[in-house]
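Okay, structure first, notes after.
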Amino acid sequence: MSHDQLKARQRAERHEHAEGIALRIHRALSWLKRSEMCDDEDGRFIFLWIAFNAAYANDLGEQRVGESRLLREFLHRLSDLDGGRRLYDLVWRQYSESIRLLLNNQYVFQTYWDCQNRVEGSEDWQERFAAARRAAHAALAQQDTGTVLAIVFQRLYTLRNQLVHGGATWGSSVNREQLRDANRIMGDLVPAVIEIMLDNAQEHWGDACYPVH
């Protein structure tokens, strides 16, 4: 669904929403709209990431998404609540090949970059990359949507760090392929996340971070 479709639904139903989820969805929709206005891959990815984080509404600080138990639980919960099988269709039908390419790409595997930067303990990045690929392929074989999404977000978080922390040049040809795949996935994933949360607004999603006073 597009921003306009989701916004129309949110306006019609928001009087029934608890304050926490109402603020999360309001913020997420605002950033989704901004992403749809963006005409470059770098900016669109950043805005889509903010939209997702607004829906997730958890202050991760400098933690990596792959190390966050809360995010994994959030993605599994969304998958369990996804009565319309939107996430399932995105992972297994629409973007299965893009996801496989992303999971097999060492340039969005953080330990690879740690090794390039001589971070202690990252010398075995190839073995760890192979182990991560095996875990991803096992999840793919079992059609475990929540786990696949959690692993995908590990890779996307590395791409996010490259951009947000100035580790890439704007418009660089080096990361175009990764960004195009990431934007295709996130461009449909974020609206699906918002829609699932709207479908399950009665669930307890917790308070939004940085509440308005």
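The values are calculated or read from the model by the stated rules, or taken from the named source; none is laboratory data. Computed from a predicted structure; not experimentally measured. In this analysis, Cβ positions are derived from the backbone assuming ideal geometry, glycine residues included, and neighbour counts consider all displayed protein chains. For accessibility, only protein heavy atoms count, side chains too; no ligands or nucleic acids. Shrake-Rupley method; radii C 1.70, N 1.55, O 1.52, S 1.80 Å.
With respect to (1) under 19 Å from the mean Cα position of the chain (by Cα); (2) closer than 21 Å to Trp49 by Cα, the lone exception for Trp170 is condition (1). Within the range 30-48, the set of residues being under 20 Å from Arg11 (Cβ atoms) and under 15 Å from the mean Cα position of the chain (by Cα) comprises Trp31, Leu32, Ser35.
Scanning the range 1-24 for residues that are under 30 Å from Trp170 (Cβ atoms) and surrounded by 15 or more Cβ atoms within 10 Å (Cβ to Cβ) yields a count of 5. Taking the criterion of being within 22 Å of the chain's Cα centre (by Cα) and of a type in the set (Lys, Arg), the only residue of the range 99-127 that qualifies is Arg100. In the range 73-87, what residues are over 18 Å from Ala135 (Cα atoms) and exposed (fewer than 15 other Cβ atoms within 10 Å of the Cβ)? The answer is Asp80, Leu81, Gly83, Gly84, Arg85. Reported count of residues in the range 163-213, each being part of a helix (DSSP H, G or I) and at pLDDT 90 or above, is 23.
Taken over the range 27-55, residues that are within 22 Å of Ala168 (Cα to Cα), of a type in the set (Lys, Arg) and crowded, with 20+ Cβ neighbours inside 10 Å amount to 1.
Tell me the residue from Arg72, Arg86, Arg100 that is basic (Lys, Arg) and modelled with pLDDT of 90 or more, please.
Every option except Arg86 fails the conditions.
Summed over the range 186-203, the residues that are out of contact with any Leu (no Cβ under 9 Å at 6 or more places or on another chain), in contact (Cβ under 8 Å) with a residue 12 or more places away in the chain and open to solvent by 40 Å² or more (accessible area, probe 1.4 Å) give a count of 0.
Scanning the range 95-123 for residues that are open to solvent by 60 Å² or more (accessible area, probe 1.4 Å) and over 23 Å from Arg176 (Cβ atoms) yields Arg118, Val119, Glu120, Glu123.
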